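The values are calculated or read from the model by the stated rules, or taken from the named source; none is laboratory data. Keep in mind that this is a model prediction, so the values were computed, not measured. Because the Cβ atoms are built from the backbone with ideal geometry, glycine has one as well, and the counts that use them run over all protein chains shown. Surface accessibility is based on the protein's heavy atoms, side chains included, excluding ligands, DNA and RNA. Shrake-Rupley method; radii C 1.70, N 1.55, O 1.52, S 1.80 Å.
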Amino acid sequence: MAKSRNTRRERDADIVVEPVDGGLAQLVPDRDRARAWTLLIDGAPQSHVDLDDPAHLSFEYQRRLGHVIDLVAPPGKPLHVVHLGGGAFTLARYVAATRPRSTQQVVERDAALVRLVRRELPLDPGARIRVRSVDAREGLAKVPDGWADLVLADVFSGARTPAHLTSTEFLDEVRRALKPGGAYAANLADGPPLAHLRGQIATAAARFAELALVADPTVLRGKRFGNAVLVASELPLPTAELTRRAASDPHPGRVEHGRALTDFTGGAIPVVDASAVASPAPPPSVFR
């Protein structure tokens, strides 16, 4: 039986609840910010958006991706950005607010989610943001060679990164789309024993000369499940400033790079399409 597309608002809290392709979406108002909302899919937080202040980044991993956006080019310089995974378009809104005249492509497979977000949390009509409702790798393949200054990957299906977005072949497509010296940043999720995270670092190292990883120290020590932001480029990364910013966040993060990051992989080998698997599912306690 087809899922109903009717929207249900819970009057007491003004929560928007609607089935989308990826599950049950909820837009929950932020009690502390007048026009801010959190997007959840099947109870898992996906995005936070403040329509009055799109430069405000609430989620820990989005703040770290925001630091990457800030540091890949001089302040205010317009960028060509590809977003793999759209959610509520938080980072696309951030780029548009902090780097006016940027041109962006968002690839979000869940067409029903895109319609919901466009209706309830509309984008600035003046922002140069194009949204494609196709698979992330399919959408990436349509990006012209050498077009992007930055490719951001934040793709989850059922709280797991799909296998075909974890391989060297996928990163070959990323590199093709990037300008020379452009940067790639990915939101990764893993828990002990961190086999997925180590494999993703090894995979990126097989395709990029420079890497950095930003994460909560307890995640890096394998003490709990959490997010880590992997940054890669052919040119040296601004690790000193990235380290300073991550350390001053409300939830301080640690930056690993160079020999320490190589040692962290523990001999993991690059992932290829033929052997790729999805990232591990988070334990139920993560979203409680």
Open item on the list: Using amide H atoms built in the peptide plane, which far-off residues or other-chain residues are under 5 Å from residue 146 H to H?
Closed with: 177, 178
- [ ] Would you grab the residues whose amide H sits under 5 Å from the one on residue 183? Only those 5+ places off in sequence or on another chain, please, with H modelled 1.01 Å from N.
- [x] 150, 151
TODO: Could you check the simple spin-label distance between residue 172 and residue 206, using points 7 Å along Cα→Cβ, in nm with one decimal?
DONE: 1.1 nm
Task: For segment 1-130, diffusion coefficient by Stokes-Einstein and Kirkwood Rh (Cα), 4 °C, 1.567 mPa s, µm²/s - done: 85 µm²/s
Open item on the list: Can you tell me the orientation of helix 111-120 relative to the chain, as the angle in degrees between its alpha-carbon axis and the longest Cα principal axis, to the nearest 10?
Closed with: 60 degrees
Task: Electrostatic dipole magnitude of the chain [Cβ: Lys, Arg +1; Asp, Glu -1; Cα centre; debye, to 20] - done: 240 debye
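Seen from all sides and averaged, what is the projected area of the convex hull of the Cα atoms in segment 213-288, in nm²?
On the way: hull surface 26.9 nm².
Value for segment 213-288: 6.7 nm².
In the chain, carbon and sulfur make up what percent of the accessible area (probe 1.4 Å)?
Numbers: 6890 of 13260 Å².
Of the solvent-accessible surface of the chain, carbon and sulfur hold 52 percent.
Tell me the volume per residue, in Å³, of the convex hull enclosing the alpha carbons of segment 134-186.
Working: hull volume 3.6 nm³, N = 53.
Each residue corresponds to 68 Å³ of Cα convex hull volume.
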Open item on the list: Check which residues have an amide H placed less than 5 Å from residue 30's amide H, if you skip close sequence neighbours.
Closed with: 36, 37, 38
Task: Residue-normalised accessible area of the chain, given per residue in Å² at a 1.4 Å probe - done: 46 Å²
Open item on the list: Apply the Karplus curve 6.51 cos²θ - 1.76 cosθ + 1.60, θ = phi - 60°, to the phi angles in segment 220-225 and return the couplings in whole Hz, x for Gly and Pro.
Closed with: 4, 7, x, 8, 7, 6
Task: Of every Cα-Cα pair in segment 129-288, the percent that sits beyond 26 Å - done: 25 percent
Task: Hz values of 3J(HN,Hα) by residue in segment 89-97 - Karplus curve (6.51, -1.76, 1.60), Gly and Pro given as x - done: 6, 4, 6, 5, 5, 4, 4, 4, 6
Open item on the list: Suppose every Lys and Arg Cβ carries +1 and every Asp and Glu Cβ carries -1, with no other charges. What dipole size does segment 109-159 come out with about its Cα centre, to the nearest 20 debye?
Closed with: 240 debye
Open item on the list: Would you work out the Kirkwood radius for the chain? I mean one over the mean of 1/r across all pairs of different Cα atoms, in Å.
Closed with: 19.2 Å
Task: Expected 222 nm ellipticity per residue - DSSP helices of 4 or more, -39500 (n - 2.57), all of the chain, to 500 - done: -7500 deg cm²/dmol
Open item on the list: Given the options 112, 227, 261, identify the residue whose Cα lies farthest towards the positive end of the charge dipole of the chain (+1 on Cβ of Lys, Arg; -1 on Cβ of Asp, Glu).
Closed with: 112
- [ ] Identify, among 164, 123, 195, the residue whose Cα sits farthest towards the positive end of the charge dipole of segment 85-218, taking +1 on the Cβ of Lys and Arg and -1 on the Cβ of Asp and Glu, with the dipole about the Cα centre.
- [x] 123
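Filter the chymotrypsin sites (Phe, Trp or Tyr not before Pro) in segment 130-223 to those in DSSP coil with at most 12 other Cβ atoms within 10 Å of their Cβ, and list the result.
Values: sites: 147, 156, 170, 184, 208; in loops: 147, 156, 208.
Passing both the DSSP loop test and the Cβ count: no residue.
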- [ ] Calculate the spin-label point distance for residue 44 paired with residue 119, positioning each point 7 Å from the Cα along the beta-carbon direction, and give it in nanometres.
- [x] 2.4 nm
- [ ] Give a residue-ordered list of calculated ³J(HN,Hα) values for segment 248-263 (Karplus: 6.51 cos²θ - 1.76 cosθ + 1.60, θ = phi - 60°; whole Hz; x for Gly, Pro).
- [x] 9, 5, x, 10, x, x, 10, 10, 10, 7, x, 4, 4, 6, 4, 5
